[in-house]
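Read the structure below first, then the notes.
The values are calculated or read from the model by the stated rules, or taken from the named source; none is laboratory data. From a predicted model like this one, the values you see are computed outputs, not experimental measurements. Quick reminder, even Gly has a Cβ in these numbers, built from the backbone with ideal geometry, and neighbours come from all protein chains shown.
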């Protein structure tokens, strides 16, 4: 697993497309003749039946894997109009459940309470675009990474905001989601900056689009998702992407080594049988396989 995401190609691919729906702005750059139906589980808000033998096997075991996600971090996880959960994380979780022949119960949890919810036994694992950091590793046990991430700045297209100039960052108000890798990086790198923190990424984008802040820092793919929407049509990426060796992994309780091992095995199976790549192609412009376990950058938060 040593495939870092080619962010520059993704930016060029996505931004070259005319604005379309939020979901489709990150459509795959290659056609997929058929997408594997992920079976064996749904989410706790919208479970559906399936005739697939693997789904039957999952139900037959009677075992349930409870998974927490945020449901507000498109394209990784989001809440549909009917209240069901969707996104890259949800599809990965469903595929893991199918591989393990277990029934998925996926529930939404506010970001600030997502680790406390795991520790309290509300669910068994977190699949929510969670970055591996030394601080979090003291509270949870992480699986192998399943995605690599970079940070970006956004501002109005006609804005002179230049994040390559540190004095420019300090001179502008900048939005970020609280308790995320992006907000923590910004707070550490630019402690004098006028940082506005928000409980959800959607609220941060809302204030950016309403001119209540000058700029914003975000994970790259949610930023591209928003730029492809009507609300983000007058905005653009500013400066270069920031590679901080940020990797997403699934979190379980520290004493749950057995579940950690089972999820790692399922992730390996999904990569080997092509399911991971098909899910990735469904959401992202450039295919990427989860990277091999990298050294955690202690400077990343």
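On the given criteria, is residue 169 over 21 Å from residue 233 (Cβ atoms), at pLDDT below 95 and crowded, with 16+ Cβ neighbours inside 10 Å? Spell out the reasoning first.
Details: over 21 Å from residue 233 (Cβ atoms): yes; at pLDDT below 95: no; crowded, with 16+ Cβ neighbours inside 10 Å: yes.
It is false that residue 169 is over 21 Å from residue 233 (Cβ atoms), at pLDDT below 95 and crowded, with 16+ Cβ neighbours inside 10 Å.
Being over 19 Å from the mean Cα position of the chain (by Cα), buried (at least 16 other Cβ atoms within 10 Å of the Cβ) and touching a residue at least 40 places away in the same chain (Cβ under 8 Å) is the filter here, so list the residues in the range 172-210 that pass it.
172, 174, 208
Could you check, for the range 75-97, whether at least one of its residues is assigned by TED's automatic domain parsing to the domain that holds residue 213, outside any strand (DSSP E or B) and in contact with a strand residue (DSSP E or B) (Cβ under 9 Å, 6 or more places away or on another chain)?
no
Which of the strands (runs of 3 or more DSSP E) contained wholly in the range 126-229 include at least 1 residues that are in the same structural domain as residue 109 (by TED's automatic domain parsing) and within 30 Å of residue 256 (Cβ to Cβ)? Walk me through how you get there before you give the answer.
Numbers: elements: 141-156, 173-177, 194-198, 215-219.
Filter on the range 126-229 gives 141-156.
Determine, yes or no, whether residue 224 is within 19 Å of the chain's Cα centre (by Cα) and buried (at least 23 other Cβ atoms within 10 Å of the Cβ).
Details: within 19 Å of the chain's Cα centre (by Cα): yes; buried (at least 23 other Cβ atoms within 10 Å of the Cβ): yes.
For residue 224, the condition - within 19 Å of the chain's Cα centre (by Cα) and buried (at least 23 other Cβ atoms within 10 Å of the Cβ) - is met.
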